[in-house]
Amino acid sequence: MPLGAADLSQQYCASSMSSGFPNCEIFVSKPSIWIWDQKAPLPFRRMDKQAEYVLSQVAKRGVRFIRLWFTDVQGFLKSVAINPAELEAAFAEGMTFDGSSIDGYARVQEADMVAHPDPSTFQILPWRPGQEAARMFCDIRRPNGDSFEGDPRQVLRSVMERAKASGYRFYVGPEIEYYFFEDDSPTPRPLDRGGYFDLTAQDATQGHRRSLIERLETLGIPVESSHHEDGPSQHEIILRYDDALTMADNVMTFRLATKEIALSEGKYATFMPKPLDKSPGSGMHLHLSLFEGEENAFYSEDGLSETGRQFVAGLLHHAPAITAITNQWVNSYKRLVDVGEAPIYSFWAHNNQSALVRVPTIKSGKKASARLEIRSPDAACNPYLAFAILLAAGLDGIEQRMQPPPEIKENVFEMTPADRASLQRLPRTLAEALDQLAASDLAANALGGHVIGWFIRNKRREWDEYQQHVSQFELENYLPIL
């Protein structure tokens, strides 16, 4: 029997009295409970059903630590741990931290930031047996309650709200590649000589993939498939598609889970885009789709709707500026080269693996499976910013009614240089990509001046440091003869 307002009032007053908020009145506005605390610094404390569920699970499961997660602008995971006694206050007020110590956040003179945990992201972490810990992702705000413009999660949410205002929901399904090595030494040592789809004794790390998938499913992250990739000790895990914000959270969790499982086995996992000279790089092909209500906006009996074509046109038009965000490291451009499977030219096609944007075949009777695949991103990017700028580019194509250039069906790597001359090439270096990003009004509007300004300054510094570095290649080839 559902609880009435009076029952809820008695229940939540009792809860509040036991947790230090005795002077309360209850206002019921389903599905949320608003608690009036006369002695609290803030007049209202909101406790929704998800937060109540988290509190009950923490008590039931004997959770000792709750890790509050968020990312810096580069996409590195940050965490602050609190004990269960602080959780209710964290939901009500957030947890204050020094933002000046986080890359891309605040200056020293305006350092205070507040992390507000999102109770919908609560999960028990499965890699600390006997030391029950859980995690929640946070939204970062200023002390006055305003959303912080440097929070990548807020950046993605903002672009998704813009899509929602146009009637669209944005979904992403990633194919994530990574390498598994003996350790993190500068000379990587693969664990096997397996190749694409191998299931033999050469795939010595299939047990690792199995353990990882079990942990991901425990964390509520469904996996579609997994297999050995083309490089030695290289793997690919395909996550089941979800809304972009949930998927960005999932990608961050996936990267940490992969590294945790590797460390538990005395090994090392890396998402470095190109860790081995003569082996394939690691990408993160992204399957993108828009839904209007329950209908897939990309579906057409002809294979791709007009909305889908406009979205493709937006991705291609903005591809040079997008690249700095989807491929943000100096090393990313060692993967985007003429040799290999990674796309380097901005064109689209059906079922053409050399295309930047590919239109996969729709499964028979599965309209919901209509999607686009963009093949340039790597898994070392910040997924919040990457998903945000991809969505913004596609929406711009729709709003401007752009039309894509003619489809190219040939393998671009087998075309003559003269035939390829008409194609737009993606930036060859991080420096080129940053120039394109700095000139993009779309990127500035989608990601915001704070993020773009910090990102470009940080990455130009990375490029300058790289330019001054003398590599082993140079020493081996030039020192003996010059």
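The values are calculated or read from the model by the stated rules, or taken from the named source; none is laboratory data. Source: prediction; values computed, not measured. Reconstructed Cβ throughout: ideal geometry from the backbone, glycine too, with neighbour counts over all protein chains shown. When the accessible area is computed, the model is the full protein with side chains, heavy atoms only, and any ligands, DNA or RNA have been set aside. Shrake-Rupley method; radii C 1.70, N 1.55, O 1.52, S 1.80 Å.
Summary of values
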read-out	value
Cα-centre dipole for the range 137-280 with unit charges at Cβ (Lys and Arg positive, Asp and Glu negative), debye to 20	360 debye
Dipole moment magnitude, nearest 20 debye, the chain about Cα centre, only Lys, Arg, Asp, Glu C-beta charged	540 debye
Furthest towards positive pole of dipole, Ala313, Gln403, Ile176, structure part the chain, Cβ charges	Ile176
Distance between modelled label sites at Arg461 and Asp184, nm, 7 Å Cα→Cβ extension	2.0 nm
Alpha-carbon centroid distance for the pair the range 315-366 / the range 401-451, whole angstrom	10 Å
Cut-off under 5 Å, modelled amide H: who pairs with Gly194 long-range	Ala204, Ser233
Phi-based couplings in Hz for the range 215-231 (Karplus 6.51, -1.76, 1.60; Gly and Pro marked x)	5, 4, 5, 4, 7, x, 10, x, 10, 7, 6, 8, 6, 6, 8, 6, x
DSSP-defined antiparallel bridges as percent of all bridges, the range 254-402, nearest 5	70 percent
Nonlocal amide H pairs with His227, under 5 Å, H built at 1.01 Å	Glu236
Using alpha-carbon coordinates, inclination of helix 306-317 to the longest axis of the chain, degrees	70 degrees
For the range 322-332, 3J(HN,Hα) per residue [Karplus equation, 6.51 cos²θ - 1.76 cosθ + 1.60, θ = phi - 60°, Hz, x = Gly/Pro]	4, 4, 4, 8, 7, 9, 9, 10, 3, 5, 4
Cβ-placed point charges (K, R +1; D, E -1), dipole of the range 340-411 about Cα centre in debye, nearest 20	400 debye
Straight-distance crosslink candidates among lysines, where the alpha carbon sits under 29 Å from Lys49 and sequence neighbours closer than 8 are dropped	Lys30, Lys39, Lys60, Lys78, Lys164
Average Cα contact separation per residue, the chain, under 8 Å, 6 or more apart, as relative contact order %	12 percent
Accessible surface, per residue, of the range 314-425 when the full set of protein chains is kept, probe 1.4 Å, Å²	38 Å²
Among (1) 40, 24, 23; (2) 41, 27, 23; (3) 33, 28, 22, the entry derived from the coordinates for semi-axes √(5λ) of the Cα gyration tensor in Å	(2)
Residues with amide H under 5 Å from that of Leu239, placed H, sequence gap 5 or more	Ile176, Glu224
Solvent-accessible area, 1.4 Å probe, carbon plus sulfur percent, for the chain	50 percent
Net +/- balance of residues flanking Arg358 in space, Cβ distance below 10 Å, scoring K and R +1, D and E -1	+1
Whole-Hz ³J(HN,Hα) from phi, Karplus 6.51 cos²θ - 1.76 cosθ + 1.60, for the range 437-449, glycine and proline x	5, 5, 8, 9, 5, 4, 5, 5, 6, 6, 9, x, x
